[in-house]
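To start, the structure under review is shown below, and the notes come after it.
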Amino acid sequence: MSTQTAARPSTPLRRAVPYVGPTLAYVNDPLTLMRDQYDRFGPVSEMPFIGRTWTVLLGPEACGTALRNPDKAFGSELGWGYLVGPFFHRGLMLLDFEEHHRHRRLMQEAFTRDRLRGYTAKLGPAVDQGLDAWKPGPGFQVYPALKELTLDLATQIFMGGADLADTAELDRVNQAFIDCVQAATGYVRAPVPGTRWGRATKGRKLLVDFLSRHVEAKRESGGDDLFSVLSRLTDEDGSSFTDDDVVNHMIFLLMAAHDTSTITVSTMMRFLGQHPEWQERCREESMALGPHPDLDAVNGLTSLDLVMKESLRLVPPVPVIARRTVKDTEVMGVHIPAGRLTAVMVHLQHHMPEYWPDPERFDPERFAPDRREDKVHRDAWEPFGGGVHKCLGLHFAGAEVQMIMHQLLRRFRWTVPADYTTPLNYHSLPFPSDGQPIDLQPLTMSTTPGAPA
Ligand code: HEM
């Protein structure tokens with residue numbers, strides 16, 4: 001790994017590439033772009049990206065420093081705000097310092113183990129119901145099917161279901177929310193009709209109207225969906241979220257939970273389809289449980305947990321974390337001036353041979369207790385980020401992903417050609433542009449080892 005020890009006034013600007021070059025290169029193949037940037041310029045450098053010059057941090061040391069943020073130089077709001085700000089305005093990830101601390105402390109109450117038990121109890125039947133609509137066969141487009149499933153789960157677990165709206169309105173809400181997520185890497189960054197940014201502006205307005213109409217009733221309802229819980233939370237000083245806070249947090253949480261979980265399940269399905277021995281190993285564990293295991297049982301699916309970790313390593317759903325410096329600072333001896341947009345590119349460290357033997361190989365056992373390759377550096381594996389903004393929903397995400405996989409394994413067997421590589425599009429969070437076709441077959445229970453009689 002190249003190191004830089006002497007502080008200097010600024011870092012080398014990657015001038016050789018055309019202005020939109022890195023943005024296009026990122027959308028198509030971020031890992032190659034990051035590797036090339038790291039090889040040429042080291043862990044701290046600069047790059048023109050989506051209309052601005054960004055400081056780029058690569059490798060666990062540089063990324064870990066910005067995420068732990070010891071001198072409070074890296075603000076989240078002004079970084080993420082540039083990418084998705086107007087649409088996820090005042091979501092938890094876009095708050096900073098004291099205010100962030102206060103909101104996070106309160107929001108944590110919605111993610112306690114007891115709350116998670118409650119959400120998980122609802123997940124089982126909801127996943128079952130969603131999967132009833134799947135029509136297995138060759139070339140089954142698994143990504144759009146998973147996206148629909150996770151949107152339905154969000155509607156039920158996060159918002160409390162169909163008592164809120166009719167199907168047509170929920171469809172409009174879902175579309176509004178998708179439009180907001182897609183704005184991140186739009187080139188036009190103004191609400192021009194017909195552009196990503198324009199659609200997201202309309203989407204945000206629809207979401208605010210919809211959630212604002214329901215927040216009062218949710219607070220009164222005593223319900224145990226996330227929307228109701230957030231609207232009622234009160235800390236020991238008696239403070240609680242305002243209606244606007246609840247609306248802003250809900251919009252952000254829907255976004256934070258949705259594409260991330262969908263791409264994780266889709267990546268796991270790809271690798272299990274290409275590694276039947278792992279698929280059978282996971283299936284055996286799932287067959288030993290009932291269809292709707294509780295939180296502890298889901299967390300006990302150890303092979304699936306290894307597969308999930310390895311899938312998050314190979315395809316991290318959030319490959320880049322955005323920050324902006326609020327004062328001058330230094331990372332690995334390199335000076336970064338105040339006001340600098342900063343891309344914390346955690347994706348690369350998941351693939352660096354310095355930390356992971358044979359990094360492109362799917363090898364879930366690298367996370368097994370006797371190997372724990374992720375322990376080689378405390379920031380080597382960072383799909384959920386690190387520091388004060390570390391994903392608040394990571395245990396929820398684990399339960400949701402495991403529950404979906406558990407039921408898929410009990411219902412279906414699937415294959416993916418060994419030479420298939422998912423064409424991932426990184427316009428916003430990564431998604432397979434071909435829908436990720438798989439050969440999906442119903443499971444014949446009688447031929448499955450460990451199947452219940
Ligand atoms: C596999 C799925 C997921 C991945 C990979 C993921 C990843 C991340 C990452 C990398 C961050 C840190 C962003 C930063 O530092 O700026 C983050 C923040 C966050 N995530 Fe997740 N996430 C996932 C699922 C979820 C789910 C299901 C929820 C909610 C139920 C959630 C809620 C949040 C929240 C509230 C934050 C902001 C935390 C803060 O700023 O204090 N995430 N997530």
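The values are calculated or read from the model by the stated rules, or taken from the named source; none is laboratory data. Not measured: the values here are computed from a predicted model. Cβ sites come from the backbone with ideal geometry, for glycine too, and all protein chains shown count toward neighbours.
Residues in the range 166-199 that are more than 19 Å from the chain's Cα centre (by Cα) and assigned to a helix (DSSP H, G or I): T167, A168, E169, L170, D171, R172, V173, R196, W197, G198, R199.
Considering the range 362-380, and only residues there that are assigned to a helix (DSSP H, G or I) and among the charged types (D, E, K, R), the residue that is nearest to the ligand (Cβ to nearest atom) turns out to be D374.
Any residue at all in the range 423-443 that's closer than 21 Å to L67 by Cα, touching a strand residue (DSSP E or B) at 6+ places or on another chain (Cβ under 9 Å) and within 16 Å of the ligand (Cβ to nearest atom)? No, the range 423-443 contains no residue that is closer than 21 Å to L67 by Cα, touching a strand residue (DSSP E or B) at 6+ places or on another chain (Cβ under 9 Å) and within 16 Å of the ligand (Cβ to nearest atom). Within the range 19-30, track down each residue that is under 21 Å from E360 (Cα atoms) and touching a Leu at 6+ places or on another chain (Cβ under 7 Å). Within the range 19-30, A25, Y26 qualify. Candidates are the residues of the range 241-265 that are part of a helix (DSSP H, G or I) and away from the ligand (no atom under 11 Å from the Cβ); the one that is farthest from V318 (Cα to Cα) is D243. All of (1) in a helix (DSSP H, G or I); (2) under 28 Å from P430 (Cα atoms); (3) of a type outside the set (G, A, S); (4) out of contact with any Ser or Thr (no Cβ under 9 Å at 6 or more places or on another chain) hold for F140 with one exception: (1). Could you list, in sequence order, all residues of the range 141-153 that are farther than 16 Å from M405 by Cβ and crowded, with 18+ Cβ neighbours inside 10 Å? Answer for the range 141-153, where residues must be farther than 16 Å from M405 by Cβ and crowded, with 18+ Cβ neighbours inside 10 Å: L151, D152.
For the range 60-77, the count of residues that are within 29 Å of E382 (Cα to Cα), touching a Cys at 6+ places or on another chain (Cβ under 7 Å) and more than 14 Å from the ligand (Cβ to nearest atom) is zero. From the list P359, P417, P383, the one residue that fits, being in a loop (DSSP other than H, G, I, E, B) and surrounded by fewer than 15 Cβ atoms within 10 Å (Cβ to Cβ), is P417. For the range 311-338, filtering for residues that are out of contact with any Pro (no Cβ under 9 Å at 6 or more places or on another chain), within 26 Å of E360 (Cβ to Cβ) and either more than 11 Å from the ligand (Cβ to nearest atom) or modelled with pLDDT under 95 (or both) leaves 0.
Checked across the range 298-310, the condition of being out of contact with any strand residue (DSSP E or B) (no Cβ under 6 Å at 6 or more places or on another chain), assigned to a helix (DSSP H, G or I) and away from the ligand (no atom under 16 Å from the Cβ) holds for at least one residue.
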